[in-house]
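Each reported figure results from applying straightforward, stated rules to the coordinates on display, with no laboratory input. Bear in mind the structure is a predicted one, so any value in this text is a computation, not a measurement. Here the Cβ positions follow ideal geometry from the backbone for every residue, glycine too, while neighbour counts run over all protein chains shown.
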Amino acid sequence: MIDGSSLQALLEAGEFVVTSEIGPPKSADGGPVREKARMLKGFADAFNVTDNQTAIVRMSSLAASLFCIQEGVEPIMQMTCRDRNRLAMQSEMLGAAALGVRNMLCITGDHQRFGNQPESRNVFDLDSTQQLMVFRRMCDEGEMWCGDSIKVPPKMFLGAAANPFADPMEMGIIRLNKKVCAGADFIQTQAIFDLDRFREWHRLLVSKGLHERTHILAGVLPLRSYKAARFMADKVPGMSVPDDLLRRMSNASDEKAEGMRICLETIDELRDLPGIKGIHLMPVNWESAVPEIVERAGLLPRPHARR
């Protein structure tokens, strides 16, 4: 069992990190998680294990994280506020730490109306900032939120999400600052297609010194088709997809190849921005693209593989 977070060690050593995603199946079969872990091993430093993504029931992120550990890849376990009260959150944090999970991403979670059981009730006992506060107290002070001591406190590298494209942008920076103050060690952003708007957000981030207080991982998502790009532009809340990108995808003779080129161009631009400590690569059912993207972006071998 690992002693601490490899992701944390790499970031603190100044390495440009790569994180990606492994989505649990809508099944009680752990085989698909193991297969993805084997395929992606060595192409990213840690992998988000999503938690009932898009409000659709899937294998628990905790169980899938354990499968990842068994396959030798480091998970970043997601935990949504939508599905748990503070009792369940703290209980699952203890269980995850006991099983060897060393990274946790605190997120609100997609609203249940977007899923296939919209009549279900959400919880939202805490929001993601309060969730960070609870987990930070557990890890650093060895106490439950109620003040009870923890005999063996969890060791966890805590992360949160940020959307650079939400309006008003200044309010988003205020929310991000609250998450950092609450204990976010790293931040993964929404997928970036609109580089001009992202640079504007980045300037605000740097002006507040937030890039020096947490590790920013910029989100990138390879588009498989014009239809996917159009869906992102029209249907995904908080997403900004420029018209020129849509035209590129629409006019492309090979849409997958064009989506790959756009993704690589975006990574190249992001690497030059101060305070961007890595990328978070979101393949969205295109996991087979991850090895090629990482290789063509010049991000191989990964630091842990060089050691």
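For region 32-64, what are the residues that are more than 22 Å from VAL294 (Cβ to Cβ), among the small types (Gly, Ala, Ser) and not in a helix (DSSP H, G or I)?
SER60
Being part of a loop (DSSP other than H, G, I, E, B) and either of a type outside the set (Val, Ile, Thr) or over 29 Å from PHE16 (Cβ atoms) (or both) is the filter here; which residues of region 216-240 pass it? First the steps, then the outcome.
Going through region 216-240, the residues part of a loop (DSSP other than H, G, I, E, B) turn out to be 221-225, 236-240.
Across region 216-240, the qualifying residues are LEU221, PRO222, LEU223, ARG224, SER225, PRO237, GLY238, MET239, SER240.
Looking only at region 241-254, count how many residues are part of a helix (DSSP H, G or I), more than 22 Å from GLN190 (Cα to Cα) and touching a residue at least 24 places away in the same chain (Cβ under 8 Å). Write out each step before concluding.
Pass one, region 241-254, residues part of a helix (DSSP H, G or I): 243-251.
Filter once more, so that each one left must be more than 22 Å from GLN190 (Cα to Cα): 250-251.
From what is left, the residues that are touching a residue at least 24 places away in the same chain (Cβ under 8 Å) are 250.
Residues flagged as part of a helix (DSSP H, G or I), more than 22 Å from GLN190 (Cα to Cα) and touching a residue at least 24 places away in the same chain (Cβ under 8 Å) within region 241-254 amount to 1.
Show me the strands (runs of 3 or more DSSP E) entirely contained within region 96-196 in which 1 or more residues are basic (Lys, Arg).
Values: elements: 103-107, 157-162, 186-191.
Output list is empty.
Scan region 9-31 for residues that are crowded, with 21+ Cβ neighbours inside 10 Å and not in a loop (DSSP other than H, G, I, E, B) and report the count. Don't jump to the end; show me each part of the working.
Restricting attention to region 9-31, the residues satisfying the condition of being crowded, with 21+ Cβ neighbours inside 10 Å are 10-11, 17-24.
Adding the requirement that they be not in a loop (DSSP other than H, G, I, E, B) leaves 10-11, 17-22.
Summing the residues that are crowded, with 21+ Cβ neighbours inside 10 Å and not in a loop (DSSP other than H, G, I, E, B) in region 9-31 gives 8.
Quick test for you: out of ALA252, ALA228, ALA218, pick the one residue that is of a type in the set (Gly, Ala, Ser), buried (at least 16 other Cβ atoms within 10 Å of the Cβ) and under 30 Å from ARG136 (Cβ atoms). Before you say what the answer is, go through the steps one by one.
Details: ALA252 fails: under 30 Å from ARG136 (Cβ atoms); ALA228 fails: under 30 Å from ARG136 (Cβ atoms).
Just one listed residue meets the conditions, ALA218.
So which of LEU66, LEU87, LEU94 ends up being over 22 Å from VAL284 (Cβ atoms) and either in contact with a Leu (Cβ under 7 Å, 6 or more places away or on another chain) or not aliphatic (A, V, I, L, M) (or both)? Walk me through it before giving the result.
Numbers: LEU87 fails: either in contact with a Leu (Cβ under 7 Å, 6 or more places away or on another chain) or not aliphatic (A, V, I, L, M) (or both); LEU94 fails: either in contact with a Leu (Cβ under 7 Å, 6 or more places away or on another chain) or not aliphatic (A, V, I, L, M) (or both).
None of the other options fit; the residue is LEU66.
Do you know which residues across region 100-124 are under 22 Å from LEU176 (Cβ atoms) and either without any contact (Cβ under 8 Å) to a residue 12 or more places away in the chain or not aliphatic (A, V, I, L, M) (or both)?
Narrowing region 100-124 to residues under 22 Å from LEU176 (Cβ atoms): 103-111, 124.
Passing the criteria: ASN103, CYS106, THR108, GLY109, ASP110, HIS111, PHE124.
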